[in-house]
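K.L.:
I have a structure here, written as C-alpha cells, and I will follow up with some questions on it.
The values are calculated or read from the model by the stated rules, or taken from the named source; none is laboratory data. For clarity, every value in this text was computed on a predicted model and none was experimentally measured. Positions of Cβ are backbone-derived with ideal geometry, glycine not excepted, and every protein chain shown enters the neighbour counts.
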Amino acid sequence: MSLSLQDATVGGIPALETATTKYANIVLRAIAFIVDELVLVPFAALAYFLISHGTTNWICGGISVFAYGQAMAFYNRCILMGVTGQSWGKLLTGTRLVSERTGEPLGVGRTIVRDMCHAADFVLVIGAFFPIFDRRRQSLADKIAGSVVVNVRRVPTQGRSSLPR
C-alpha cells in the first residue's frame, strides 16, 4: 500500500494544515517580494547607464548586464525557491513556499507557473488582496499552484534563551 500526495492527510485535514501551522502574513510576504525585486535594481541601473551612452559597445554591455540581472532573478525566484522553498527575500523574512498538500517545496516547474500567475495577478490588481481575506493567506497564484507561504522562523520558548551555548 503506497501513500499518494492526495492521501497526505492528518485526520482528514491536509497534512500541512495542523494546529501548529503558521501561514505568513501579508507584511512578511510583501517584504520578501520587495527584497527579491531589489536584487534587480543595481543591474537595471547599470544597464540603463550603459545603454544611455548610445554606442554599440555600450548598448551591448547594457543588454548583457540586464540579461545577467534577469538570470539572477530567475535563479532566485524560480530555481532556488522551487528547490528549497525560500528565495533570498523569504530567507530574510523567515518564510517558505511549500505545497499545500505535502509541506515540501513546490519544485521548479510549479514555481515558474506560480510566478507567471503572479504576473497576471498584478495586471488584474486582484492577487495582492487575496492573502488579506483568505484563511490560508493564499494569493490567487498560490491557489492555482497549490502552494502556501508559511512562517518558519522559530519563536523562542518562554524562559529559555534562543542563543547557542
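K.L.:
Yes or no: residue 63 modelled with pLDDT of 95 or more and over 17 Å from residue 149 (Cβ atoms)?
P.N.:
no
K.L.:
For the range 109-139, what are the residues that are crowded, with 17+ Cβ neighbours inside 10 Å, outside any loop (DSSP other than H, G, I, E, B) and in contact (Cβ under 8 Å) with a residue 60 or more places away in the chain?
P.N.:
Residue satisfying the conditions is 131 alone.
K.L.:
Filter the helices (runs of 4 or more DSSP H) completely within the range 14-108 down to those with at least 2 residues that are free of Cβ contacts under 8 Å to residues at least 40 places away in the same chain.
P.N.:
In the range 14-108, the matching helices (runs of 4 or more DSSP H) lie at 26-38, 41-51, 56-74, 81-84.
K.L.:
Can you confirm whether the range 54-61 contains a residue that is under 30 Å from residue 142 (Cα atoms) and of a type in the set (A, V, I, L, M)?
P.N.:
Within the range 54-61, not a single residue is under 30 Å from residue 142 (Cα atoms) and of a type in the set (A, V, I, L, M).
K.L.:
Out of curiosity, is residue 158 assigned to a loop (DSSP other than H, G, I, E, B) and either surrounded by 11 or more Cβ atoms within 10 Å (Cβ to Cβ) or modelled with pLDDT of 90 or more (or both)?
P.N.:
no
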